[in-house]
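Student: Got a structure for you, questions after.
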Amino acid sequence: MENSSVVIKNLRKTFGSLTAVNDLTLDIASGELFGLLGVNGAGKTTTIKMLSCLTKPDSGEAFLGGKSIVTESNEVKRIINLSTQETAVAPKLTVKENLRFMADIYGIDDPQGAVDRVINELSLGSVLDRKAKTLSGGWQRKVSIAMALVTSPRILFLDEPTLGLDVLARRELWNVIKGLKSKMTIILTTHYLDEAEALCDRIAIMTGGCLRAVGTADELKKLAGKDSFEDAFIEIAERSNGKEEAV
Ligand SMILES: Nc1ncnc2c1ncn2[C@@H]1O[C@H](COP(=O)(O)OP(=O)(O)O)[C@@H](O)[C@H]1O
Ligand SMILES: [Mg+2]
């Protein structure tokens, strides 16, 4: 796999007196499915927005596939894509039209080939001619991920991919995400503990903009001295010393 690692160094973003992301330092390997886990307001979306060059950090740096988000954002944008919390699917276009639109605005060499590939990968055949607004939340989210995949990103960001979905739609999306595993680097944010545990190779726990711990679900359980991941999360999140714990 080409270099699709993510190296984050002291990344910081403030909004007035609020520190949304507080000197985040983190390395993510090529091909890893990495979870940023934290309750609402932890700083997950702000982190994703900085890494995907949608907003500038106040200080710090990050290198995606070796390219700097500060000085090489155009190069970074070429190798990433994202499916955001506010699903960016055009409601009045059909699924097929949404995908083709994405392929065309990115100027992909073989747009129809790229569209056909993701239709196949995500099994979208049955909804291709449906207007996006007529689809369920789960299907809309799937289409949003498909739109991000049209550009064959080396690094894919999924911001709360299953937010607000029912349990069956969540499981279906988990399968989609598992199917993408090791084909690209994936950074997923979630506040669902079971989702992080089921999907992610490693998990970073964030609270109040700070990184509290990083490791596999098993490592985090061991670190917290708990048998369940939920208990481990609560233990780590409620420790107030604010120091990162390496495992
Ligand atoms: N554009 C903004 N202006 C002011 N405050 C913001 C803005 N974006 C996020 N915040 C604040 O930053 C903190 C982190 O937000 P966010 O990154 O969205 O967290 P998460 O995605 O983990 O829920 C929150 O307190 C939020 O209210
Ligand atoms: Mg968010």
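Student: Name the pairs: first residue in the range 90-106 and charged (D, E, K, R), second residue open to solvent by less than 60 Å² (accessible area, probe 1.4 Å), Cβ to Cβ under 8 Å, at least 6 apart or on different chains?
Tutor: Qualifying pairs under 8 Å: K92/A132; K96/V115; K96/I119; K96/L128; E97/A90; R100/P111; R100/V115; D104/P111.
Student: Right, something else. Filter the range 162-190 down to the residues that are within 16 Å of ligand 1 (Cβ to nearest atom) and at pLDDT below 95, then identify the one that is nearest to E121 (Cα to Cα).
Tutor: Of the residues in the range 162-190, the ones within 16 Å of ligand 1 (Cβ to nearest atom) are 162-164, 187-190.
Restricting the remaining residues to those that are at pLDDT below 95 gives 162-164.
Details: T162: 19, L163: 22, G164: 24 Å.
For the range 162-190, the residue satisfying everything is T162.
Student: While we're here: Scan the range 64-97 residue by residue and report those that are open to solvent by less than 60 Å² (accessible area, probe 1.4 Å), more than 16 Å from ligand 2 (Cβ to nearest atom) and of a type outside the set (A, V, I, L, M).
Tutor: Those that are open to solvent by less than 60 Å² (accessible area, probe 1.4 Å), more than 16 Å from ligand 2 (Cβ to nearest atom) and of a type outside the set (A, V, I, L, M): G65, G66, S68, E72, S73, N81, T94.
Student: Would you say S30 is open to solvent by 20 Å² or more (accessible area, probe 1.4 Å), within 24 Å of N175 (Cβ to Cβ), under 19 Å from the mean Cα position of the chain (by Cα) and among the polar types (S, T, N, Q)? Break it down into steps so the answer makes sense when it comes.
Tutor: Working: open to solvent by 20 Å² or more (accessible area, probe 1.4 Å): yes; within 24 Å of N175 (Cβ to Cβ): yes; under 19 Å from the mean Cα position of the chain (by Cα): yes; among the polar types (S, T, N, Q): yes.
So S30 fits the description; yes.
Student: So D109 ticks every box in (1) open to solvent by 30 Å² or more (accessible area, probe 1.4 Å); (2) in contact with a Leu (Cβ under 8 Å, 6 or more places away or on another chain) but one. Which box is left unticked?
Tutor: Tallying (1) open to solvent by 30 Å² or more (accessible area, probe 1.4 Å); (2) in contact with a Leu (Cβ under 8 Å, 6 or more places away or on another chain), D109 fails exactly one: (2).
Student: Looking at the structure I just gave you, is G38 in contact with a Gly (Cβ under 6 Å, 6 or more places away or on another chain), in contact (Cβ under 8 Å) with a residue 60 or more places away in the chain, within 16 Å of ligand 1 (Cβ to nearest atom) and farther than 29 Å from G125 by Cα?
Tutor: Details: in contact with a Gly (Cβ under 6 Å, 6 or more places away or on another chain): no; in contact (Cβ under 8 Å) with a residue 60 or more places away in the chain: yes; within 16 Å of ligand 1 (Cβ to nearest atom): yes; farther than 29 Å from G125 by Cα: yes.
In short, no.
Student: Assess whether L26 counts as being among the hydrophobic types (A, V, I, L, M, F, W, C) and more than 12 Å from ligand 1 (Cβ to nearest atom). Quick ask: steps written out before the conclusion?
Tutor: Values: among the hydrophobic types (A, V, I, L, M, F, W, C): yes; more than 12 Å from ligand 1 (Cβ to nearest atom): yes.
Criteria met by L26.
Student: Shifting gears a bit: What's the total number of residues in the range 194-212 that are in contact with a strand residue (DSSP E or B) (Cβ under 7 Å, 6 or more places away or on another chain) and either touching a residue at least 60 places away in the same chain (Cβ under 8 Å) or away from ligand 1 (no atom under 16 Å from the Cβ) (or both)? Talk me through it step by step, then tell me what you get.
Tutor: Just the residues of the range 194-212 that are in contact with a strand residue (DSSP E or B) (Cβ under 7 Å, 6 or more places away or on another chain), to begin with: 196, 199-206, 209-212.
Narrowing further to those that are either touching a residue at least 60 places away in the same chain (Cβ under 8 Å) or away from ligand 1 (no atom under 16 Å from the Cβ) (or both): 196, 199-206, 209-211.
Here the count works out to 12.
Student: In the range 1-37, what residues are under 24 Å from G179 (Cα atoms) and in a loop (DSSP other than H, G, I, E, B)? Quick ask: steps written out before the conclusion?
Tutor: Within the range 1-37, the first condition is being under 24 Å from G179 (Cα atoms), and the residues that meet it are 1-6, 27-37.
Hits for the range 1-37 are M1, E2, N3, S4, S5, A29, S30, G31, E32.
Student: Out of the range 66-91, which residues are within 20 Å of I145 (Cβ to Cβ) and assigned to a loop (DSSP other than H, G, I, E, B)?
Tutor: Matches in the range 66-91: T84, Q85, E86, T87, A88, V89, A90, P91.
Student: Condition first: in a helix (DSSP H, G or I) and either open to solvent by less than 10 Å² (accessible area, probe 1.4 Å) or away from ligand 2 (no atom under 16 Å from the Cβ) (or both). Now tell me which residues in the range 45-62 satisfy that.
Tutor: Within the range 45-62, the first condition is being in a helix (DSSP H, G or I), and the residues that meet it are 45-51.
Passing the criteria: T47, I48, M50, L51.
Student: Also, quick follow-up: Six or more apart or on different chains, Cβ atoms under 7 Å: show the pairs whose first residue is in the range 157-173 and over 8 Å from T189 (Cβ atoms) and whose second is among the polar types (S, T, N, Q) and at pLDDT below 90.
Tutor: Short answer, once both residue conditions are applied: L163/Q85.
Student: Here's a follow-up. Every residue in the range 165-192 that is surrounded by fewer than 19 Cβ atoms within 10 Å (Cβ to Cβ) and under 17 Å from G41 (Cβ atoms), please.
Tutor: H191, Y192, listed by residue number.
Student: Here's a follow-up. Looking at A237 and the list (1) under 21 Å from the mean Cα position of the chain (by Cα); (2) surrounded by 16 or more Cβ atoms within 10 Å (Cβ to Cβ); (3) closer than 22 Å to E32 by Cβ, which single condition is not satisfied?
Tutor: So the condition that A237 fails would be (3).
The values are calculated or read from the model by the stated rules, or taken from the named source; none is laboratory data. Every value quoted in this text rests on a predicted model; they were computed, and no experiment measured them. Backbone-built Cβ (ideal geometry, glycine too); neighbour counts: all protein chains shown. These accessible areas exclude ligands, DNA and RNA; they are computed on the full protein's heavy atoms, side chains included. Shrake-Rupley method; radii C 1.70, N 1.55, O 1.52, S 1.80 Å.
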